[in-house]
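Engineer: Here you go, one structure.
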Amino acid sequence: MVDIKEMFKSEIKKNSVFKNKNIVSPHYIPDILPFRDDQIKEIISNLAPALQGKKINNLFLYGKTGTGKTSTIKVVLSKMEELAKERTDCKSIVTTYINCRNHNTKYRIILKHINDLYKHDYVGYSSSFVYDKLAEYVKKNKIGLIIVLDEIDLIKDVDDAVYALTRANDELTDGSISIVGISNNVMFKQKLDPRTKSSLCEKELVFPPYNAHELTKILQGRVEEGFNKDCVDDSAIGLASAYAAQESGDARTAILLLLRAGEIADENKEIKITETDVRNAKKTVEKDILLNMVSTLPEQLQYVLFAITRLTKSKNQTTLGPNNEGILHSGEVYNEYYRIAKIQGKSPVSLKWFKQYLEELELYGMIATTISGKGVRGTTTLIKLGVDAKILTGILEPKIGI
Ligand SMILES: Nc1ncnc2c1ncn2[C@@H]1O[C@H](COP(=O)(O)OP(=O)(O)O)[C@@H](O)[C@H]1O
Ligand SMILES: [Mg+2]
């Protein structure tokens, strides 16, 4: 009798370039992370004393999105926990991971911890109760608690949260609490209260963008495990890496491009992913990535971006010459932003803050700015949108609703 299940499996495989699609998902975390040896070494040397029961420095990891921060810390901490369990000469440690997008206040973070540690629901208890409960757990069990706060910039009362956790640590006589903060936002640190900054950033580590060569290697690792043999053309890998390197040096973009290109190849019943598939994939991936980026921006930044997008679109229709196409003056952008914020019933920020917002949008690669030469009215900041205005309108218009 034939093995029917096996036949089904090989039939499915036959019609797909994928061997294991999970491996090509941006959520998949490989055991080995090439080009991150330096960061891994630094993290280990900082955390290792916890295994000997010593207090450790808080750690702050930052770098643009897709540079491997989340994956690196998850891999290192899971190995560290394994080791602590295996060896009798290691102190007990507990590591927790929180994405602050989902737990965005001091209270929610501490509540989540005690709910998980005590395996009981403490919702509704006061802030000081949950705080004491957390300290009590650490003390009673004499553990080294390492708390990862990923996307820490999204915590609304971040200064309070960091202060509460470091104070808890200072007051502990047994056990310890330390924080690993992670941010995709390179500007975040500047906005912190100086006291928070010095306690959170006792040790900091940058995750630089990947270059095209590194992205190619990272993709090759995924291709071997995730796709059937000979189903991905080398030139397709090269193009996906080149695109991602040119945009942001972001491994997530590179992997998403390959995933989407694979889906396109399957839809078209092709046996091999080609450069054309990657080129087509780029269109949808760009939108997904932009959508993700925009939705994590604070409301006010979304208004600024929307102002720039609207003006860019209206200018393009009446543009005078190719050289000035889509170039905006910061004054007109501020006015438009002011108007949008008012319509939304929010108070517009001052010009000084507005300039900060422009810097932030530039760091994310969403706009480019330059200072104009001295004109009649002195110098002004010139702004140009760095991403597709049409795609951005499609994302922002339904959100802001003007
Ligand atoms: N050095 C690397 N080797 C293999 N895969 C990587 C590497 N760096 C990042 N990735 C992959 O890229 C994607 C994004 O990485 P992630 O850790 O989420 O970045 P970040 O947290 O900096 O935004 C994930 O799928 C991750 O597995
Ligand atoms: Mg991350």
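The values are calculated or read from the model by the stated rules, or taken from the named source; none is laboratory data. All figures in this text were calculated on a predicted structure; none of them were measured in a lab. Cβ sites come from the backbone with ideal geometry, for glycine too, and all protein chains shown count toward neighbours. Side chains are part of the model used for accessible areas, which takes the heavy atoms of the whole protein and leaves out ligands, DNA and RNA. Shrake-Rupley method; radii C 1.70, N 1.55, O 1.52, S 1.80 Å.
Engineer: Sort through 91, 74 and tell me the only one that's assigned to a helix (DSSP H, G or I) and either over 24 Å from residue 23 (Cα atoms) or within 16 Å of ligand 1 (Cβ to nearest atom) (or both).
Structural biologist: Testing whether each residue is assigned to a helix (DSSP H, G or I) and either over 24 Å from residue 23 (Cα atoms) or within 16 Å of ligand 1 (Cβ to nearest atom) (or both) leaves just 74.
Engineer: Being in the same structural domain as residue 283 (by TED's automatic domain parsing), open to solvent by 60 Å² or more (accessible area, probe 1.4 Å) and more than 23 Å from residue 69 (Cβ to Cβ) narrows it down to one residue among 263, 247, 267, 225; which is it?
Structural biologist: Going through 263, 247, 267, 225 in turn, the sole match is 267.
Engineer: Condition test on residue 197, is it out of contact with any Asp or Glu (no Cβ under 8 Å at 6 or more places or on another chain), under 30 Å from residue 355 (Cα atoms) and more than 16 Å from ligand 1 (Cβ to nearest atom)?
Structural biologist: Against the criterion (out of contact with any Asp or Glu (no Cβ under 8 Å at 6 or more places or on another chain), under 30 Å from residue 355 (Cα atoms) and more than 16 Å from ligand 1 (Cβ to nearest atom)), residue 197 qualifies.
Engineer: Taking residue 83 and the conditions (1) over 23 Å from residue 201 (Cβ atoms); (2) surrounded by 14 or more Cβ atoms within 10 Å (Cβ to Cβ); (3) among the hydrophobic types (A, V, I, L, M, F, W, C), which numbered condition does it fall short on, given that it satisfies the others?
Structural biologist: The one condition residue 83 does not meet is (2).
Engineer: Right, something else. Test residue 128 against the criterion of being part of a helix (DSSP H, G or I), away from ligand 2 (no atom under 16 Å from the Cβ) and not charged (D, E, K, R), and give yes or no.
Structural biologist: Spelling it out, residue 128 is indeed part of a helix (DSSP H, G or I), away from ligand 2 (no atom under 16 Å from the Cβ) and not charged (D, E, K, R).
Engineer: Right, next: Please work out which one of (1) open to solvent by 20 Å² or more (accessible area, probe 1.4 Å); (2) within 16 Å of ligand 2 (Cβ to nearest atom); (3) more than 23 Å from residue 296 (Cα to Cα) is the condition residue 77 fails and give its number.
Structural biologist: The failed condition is (1).
Engineer: If you don't mind, there's one more thing I want to ask. Here are some residues: 99, 58, 104, 22. Which one is under 13 Å from residue 148 (Cα atoms) and either more than 13 Å from ligand 1 (Cβ to nearest atom) or open to solvent by 70 Å² or more (accessible area, probe 1.4 Å) (or both)?
Structural biologist: 58
Engineer: Anything in the range 167-183 that is out of contact with any strand residue (DSSP E or B) (no Cβ under 7 Å at 6 or more places or on another chain) and in a helix (DSSP H, G or I)? List them, or say none.
Structural biologist: Passing the criteria: 167, 170, 171.
Engineer: It is to be established whether one or more residues within the range 106-117 are polar (S, T, N, Q) and either touching a Pro at 6+ places or on another chain (Cβ under 7 Å) or not in a helix (DSSP H, G or I) (or both).
Structural biologist: Looking for residues that are polar (S, T, N, Q) and either touching a Pro at 6+ places or on another chain (Cβ under 7 Å) or not in a helix (DSSP H, G or I) (or both), one finds none in the range 106-117, hence no.
Engineer: Which of (1) touching a Leu at 6+ places or on another chain (Cβ under 8 Å); (2) open to solvent by 60 Å² or more (accessible area, probe 1.4 Å); (3) within 16 Å of ligand 1 (Cβ to nearest atom) is the odd one out, the single condition residue 279 does not satisfy?
Structural biologist: Here residue 279 clears every test but (3).
Engineer: Out of the range 131-145, which residues are surrounded by 15 or more Cβ atoms within 10 Å (Cβ to Cβ) and not in a helix (DSSP H, G or I)?
Structural biologist: The answer is 143, 144, 145.
Engineer: Those residues that are of a type in the set (Val, Ile, Thr), crowded, with 19+ Cβ neighbours inside 10 Å and outside the structural domain of residue 242 (by TED's automatic domain parsing), I need them from the range 171-217; list them, please.
Structural biologist: Residues satisfying the conditions are 177, 179, 180, 182, 196.
Engineer: Within the range 373-384, is even one residue modelled with pLDDT of 85 or more, part of a helix (DSSP H, G or I) and not aromatic (Phe, Trp, Tyr)?
Structural biologist: no
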